[in-house]
Structures are given as structure tokens and as C-alpha cells.
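The values are calculated or read from the model by the stated rules, or taken from the named source; none is laboratory data. All values reported here derive from a predicted model rather than from experimental measurement. Note that we place each Cβ from the backbone using ideal geometry, even for glycine, and neighbour counts take in every protein chain shown. The accessibility values were calculated without ligands, DNA or RNA, using every heavy atom of the protein model including side chains. Shrake-Rupley method; radii C 1.70, N 1.55, O 1.52, S 1.80 Å.
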Amino acid sequence: MSKQKRMLVAATAALAIVGLATGSAQADPTGTPTYREIAIVGSDTTQTVMNGLADAITINGVKVMGSYDARGSAQITTKDSATNPACTINRPEGSNVGVTALKNDVAAGTNCLQAARSSSNSAAANPDMKFIPFAVDALTYAVRGDSTVPKKLTKANLTAIYTCANTTFKPLAPQFGSGTRSFFVKSVMPAGTADTATLFGPGGTYPCVSDKDASGEGIQEHVGTYLTDVKHLLPYSVAVYNSQIYGQAPAAQGKAVLGVLDTIQPTNLNTSSTLKRDVYNVVPATKFGTAPYNTIFDGPNSLICQRGDLITRYGFGIAANCGVPVQ
């Protein structure tokens, strides 16, 4: 077994050992300094592991990253209002929204945001940004424990369900703008399918799939309580689910259990997972290679890449190309 695969498979075991001994990180930065040099927003999938890294990583004894969750209060304040009053902003929710918020901040020159979390690779559409892998995740699907959906499916089965060729079940999808949704659409839907706001739901391309809850609100990533029907299924991160189970992330799984996709057990995150993916931190291309970005994000010796213990603690595998931008 390769060194990388051993490290990936070890992620779940690490969770079991430390999960009860270590509390989950705060949703938004706490403690000193109140405002950090690098404010990072975006992906739900990686928010908890990045919260943990932000709490642990220091430069000259000072915490330098402030990681803000995708959900919480309507607004966040990322810089001291006495010196930068523009930095009380609407909370960016999800990968695409986080990257867009970062791009808009750079364009406006307000310096309220310095980085974004992304669970999908949209580097080609954002040449002004550097997408820097740091961890490995895998998707499968979640169902209720009492579900009528088979707990063993193939990727082809998922394609049939999510393209409405098989209408036996009631598929759910994360809301538009989710990085997990983007990756799922690219991986499971027919080649060339564009992820649009009208892809799913009534009047959409695939009306049997719902991306909204009973109240009409968008479905959030990796929240098992949306599974209110025994026919429901929902894409779900293996890393996030295990973090929820072992207490490293807030418990949001409800009655959800993970399905076995293409015979790969979801208790082990490994390189054989059908829907394996790298996850990223995103920084402006003009900043990459300058301090403190180079110290925190750049290369296998970066402060993030040197904390494999924390990356695996939160259920993720370590990316073989950690710290090397995909563009």
C-alpha cells in the first residue's frame, strides 16, 4: 500500500482516537487577535478543518488566519471597523460565493478578504486566482437508516436517479453555488452538463431532483436532517460525516447513514473512492508567493501542509500535491 493511501485510510482511525478528546473548532474566529491578517470564507465542506488549522497555525506566536463559517449570523466583520469600516459584509455561503466575494473584494480594493475555501476546482474559470489543494475528500450518498433506497449503489445508479431515468426514489441536491454540488454534477451527471440554478426542481432540466427544502430554502451541504422521507438520498462528504459522528464538526447528520458507492466502504477515505476530490484554498494570483501567503499556503513545507495531523483529525486525507496550485 502506498504512503499516500495509508495516510488517507488512516483518517477515520485518527478521528476515532481523538474525536472524544478534542472539541470542534469555533464557527468564527475567537480569542486574540480578534481580526486576523488572512480572513478566509466560503466552502461548508472544509470550514471545520480550516477553523482547526486557523486556530493552530501561528507566525511568531500570533494567529494569522481567521476562518468564517458558511452559515451563522447574516454578516461578519473581518477587520477592525476603526481602521477599515467597509469590512462588515454579508456572510459568503459556499465555495462559489466565497470565491466570488474574494474576487469582488480584490476588485474593490477593500482588503476585507484574503482567501476563500473551495471544495471544487474552478481554476479555469478564475485565472486571477490560485487554487491550492491541501486535503482529499470523497463523496458518496446519504440516506436515512430506515431508507428504502439501497445502501449499495453504483455511480451509474446515481446517474439514473439524478437524471430522472429512475423515479423510484426522491433525490436531493445541495443548493446552487455549492462546491459539492458543482463537483457532483460534473462527476455524476451526463458529460457536458452545466450546473445552473434551473438544473434541478420544478421546471428544471431534471425536475425529479429537489435542491430546496419544504420551506423553499436551499438545501445546505452535508446536513442529514434534510432526509425526511425514506426515499430521499443526498450527496454527502465522507470526511464531513465522520467529523460529525466523532464530534470534530457540529452534529448535523440526524438519522443519515452513508451508502456504499461502487463497493467502496464510506468508513475509509481512500484513493479508490469513485468520487474522490481534492479540496482547495484560494488566494489572489497577485498575492501568491508573497508573505504571509507563501508561508501559510505555498508548497509542501507550508504551515498548512505541515499539519497533516490536523487534516486527518477532521476526516480528510492529505493531498499528494498539497500546496501546489492547480494553475
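Rounded to the nearest whole Hz, the Karplus-based 3J(HN,Hα) values (6.51 cos²θ - 1.76 cosθ + 1.60, θ = phi - 60°) of the stretch 88-98 follow the sequence 9, 10, 5, 5, x, 10, x, 4, 5, 5, x, with x at glycine and proline.
Rolling a 1.4 angstrom probe over the protein heavy atoms with all chains in place gives the chain an accessible area of 40 Å² per residue.
Computed over protein heavy atoms with a 1.4 Å probe, the carbon and sulfur contribution to the accessible area of the stretch 190-231 reaches 55%. Within the shell of other residues whose beta carbon sits under 15 angstrom from the beta carbon of Gly66, the net charge comes to -1, with Lys and Arg scored +1 and Asp and Glu -1. Here's the picture: charge each Lys and Arg Cβ at +1 and each Asp and Glu Cβ at -1 in the chain, and of Ile311, Ile59, Ala27 the one pushed furthest to the positive end of that dipole is Ile311.
Modelled spin-label separation between Asn301 and Ala108, with each label point placed 7 Å from Cα along the Cα-to-Cβ direction: 3.8 nm.
Between the labelled values [x] 0.96; [y] 1.10; [z] 1.23, the entry that holds Cα Rg over 2.2 N^0.38 Å as derived from this structure is [x]. The alpha-carbon of Lys287 sits under 16 angstrom from the alpha-carbons of these aspartates and glutamates, leaving out residues fewer than 8 places away in its chain: Glu37, Asp105, Asp128, Asp298.
Starting at the first residue of the stretch 73-84, write each ³J(HN,Hα) from the Karplus equation 6.51 cos²θ - 1.76 cosθ + 1.60 with θ = phi - 60°, in whole Hz, x for Gly and Pro. With coefficients 6.51, -1.76 and 1.60, one gets 4, 4, 10, 10, 10, 9, 9, 5, 5, 5, 10, 9 Hz. Remark: the Tyr35-Val324 segment gains 101.3 nm on full extension, using 0.36 nm per residue and subtracting the alpha carbon distance. The lysines within cross-link reach of Lys155, meaning a Cα-to-Cα straight distance under 20 Å and a gap of 8 or more places when in the same chain, are Lys170, Lys186, Lys231, Lys276. Distance between the 7 Å Cα→Cβ label points at Ile59 and Thr198: 4.6 nm.
Net charge near Asn111, counting Lys/Arg +1 and Asp/Glu -1 over other residues with Cβ under 15 Å of its Cβ? For residues surrounding Asn111, the net value is +1. Comparing Gly289, Pro202, Gln265 along the charge dipole axis of the stretch 202-293, the residue lying farthest to the positive side is Gly289, per the Cβ-charge model.
Sorting the segments 301-307, 42-48, 78-84 by their residues' average number of neighbouring beta-carbon atoms within 10 angstrom, most packed first, yields 42-48, 301-307, 78-84. Backbone N atoms of the stretch 182-219 closer than 12 Å to the 7 Å Cα→Cβ label point of Ala165 belong to residues 189-191. Peptide packing: for 184-195, 279-290, the average count of neighbouring Cβ atoms within 10 Å per residue gives the ranking 279-290, 184-195, highest mean first.
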